[in-house]
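These notes are about the structure you will find just below.
All of the numbers you see were taken from the coordinates with simple rules; none came from a lab. None of these values were measured; they are calculated from a predicted model. A quick note on method: Cβ atoms are made from the backbone with ideal geometry, for glycine too, and the neighbour counts reach across all protein chains shown.
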Amino acid sequence: MSGNVTSLFRSTAAHSPSMAALARESGDETGAGPVDFCIPCNPYFPTPAMFDEMAVRLRDIITYYPSSADTITAELCSLLQLPPQCVAMGNGSTELITWIDHLLVRESLAVPVPTFGRWTDQPMETGKRVDMFPLQESSGFALDLARYAEFIRARGTRVAVVCNPNNPDGGYLHKQALVQFMDAMADRDLVVVDESFLEFADAEAEPSVVQEAMLRPNVVVLRSLGKNFGLHGIRFGYLVANPALAGRVRAMLPKWNLNSFAEHVVFMLRDHGGEYAQSLHQVRRDRLEMAGQLSALPGLTVYPSQGNFLFVRLPVGAEGTVVRDRMLTEHRVLVRECGNKIGSSSRFLRLVVRPQVDVRRLVSGLEQVLYGSRRGAAVPEPATGTGYSSGTAAVDRLMTQTNGAGM
């Protein structure tokens, strides 16, 4: 792949370039792009038969208007056994984050970092104060909810966000502890629990706080369908809250904010629940095997994860942007380097869980890039211009940009 491809990563601020952009720059007309360990998709769903069914109906799907969002939401709620008045479906979870910020965040929002970039960037773009609670590398990036609550009270923050599992590290909070945190935050304007990756968790049988959220006056739960179903391009997600909160967001959404692909997939799910459950089971098995294989690499640290991705720290001396670029150009493997995530650095990669045949290719590439012919000697850092940092140094970078207003 050409240098133009790797330059795409340097021109994006807080998100990886799209696969479409990578394909354009690489000039790849075969459709056989790199092995993707970057975009957190479910590799087992939809099934090939489901893709074939969508392909047969492609002309109708893209020719005609979809049904209204209310119709699609009603079908989803029937499948999930949720009351429609407590649900709002959006054109991806990012659309819902945007409306949560505009409608429900008045002045300040707290969020642990590193995390999904829109939870820091969106409120900052609308002039809110973002109070960032740094997750410590020394504790494996685990979130201490008691200390987080103390931080929120000390700062006087009005809205609290918790991602469970967290992105990029996959850290997990047990349901009972999270419910206790929600109750402790009853005097705040809002508590948002982002469960975008929760379907991949297996730490407990019923991990979601959706039912508890519907009973509380100030709690919103965010769920992603694109991540669970391996269909990021369709752009669909939903939130669950009490009828008043859900209704405020739903009232602002366009009547046709969901596209025909989203409608088609939602109405297919009733006949494919078994395949979906099996896909989640396989991802969880793959996660365990992949973590074991990566942990065997000298100097590489793999953090516990309940998401469909693993957060890893590169060996001392390795620089993430160099590793990312060499993996792509030399091995056609795409990885997510996390130096542009606040609270992370270029020593960290987020690697999506994939089937074993792909993991073997990933591990082989990492062995060559990190150790070369002398396994155990990490690739040296480039001399200049890499923005290398360690720990949570990216928080300091944000401090400089905002004169400390975000802290």
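Which of the numbered conditions does Gln211 fail, given that it passes all the others? Conditions: (1) farther than 21 Å from Arg118 by Cβ; (2) crowded, with 20+ Cβ neighbours inside 10 Å; (3) polar (S, T, N, Q). Evaluating Gln211 over (1) farther than 21 Å from Arg118 by Cβ; (2) crowded, with 20+ Cβ neighbours inside 10 Å; (3) polar (S, T, N, Q) leaves (2) as the failure. Reported count of residues in segment 202-261, each being free of Cβ contacts under 8 Å to residues at least 40 places away in the same chain and either more than 30 Å from Arg287 (Cα to Cα) or of a type in the set (Asp, Glu) (or both), is 10.
Identification of helices (runs of 4 or more DSSP H) wholly contained in segment 74-155 with 2 or more residues that are loosely packed, with under 14 Cβ neighbours inside 10 Å, over 21 Å from the mean Cα position of the chain (by Cα) and not basic (Lys, Arg) yields 145-155.
Residue-by-condition table, conditions (1) under 22 Å from Phe200 (Cα atoms); (2) part of a helix (DSSP H, G or I):
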| residue | (1), (2) |
| --- | --- |
| Val316 | no, no |
| Leu328 | no, yes |
| Arg336 | yes, no |
| Asn340 | no, no |
| Ser346 | no, no |
| Arg361 | no, yes |
| Glu367 | no, yes |
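Which members of segment 272-307 meet the condition of being charged (D, E, K, R) and either touching a residue at least 12 places away in the same chain (Cβ under 8 Å) or touching a strand residue (DSSP E or B) at 6+ places or on another chain (Cβ under 7 Å) (or both)? Don't jump to the end; show me each part of the working.
Here is the first cut: in segment 272-307, the ones charged (D, E, K, R) are 275, 284-287, 289.
Within segment 272-307, Glu275, Arg284, Asp286, Arg287, Glu289 meet the criteria.
Pairs meeting the criteria (first residue in segment 113-126 and among the hydroxyl-bearing types (Ser, Thr, Tyr), second residue assigned to a strand (DSSP E or B), beta carbons under 6 Å, at least 6 apart or on different chains) are Thr115/Cys163; Thr120/Val130.
Report yes if Leu334 is under 30 Å from Asp52 (Cα atoms), in contact with a Cys (Cβ under 8 Å, 6 or more places away or on another chain) and crowded, with 16+ Cβ neighbours inside 10 Å, otherwise no. Spelling it out, Leu334 is indeed under 30 Å from Asp52 (Cα atoms), in contact with a Cys (Cβ under 8 Å, 6 or more places away or on another chain) and crowded, with 16+ Cβ neighbours inside 10 Å.
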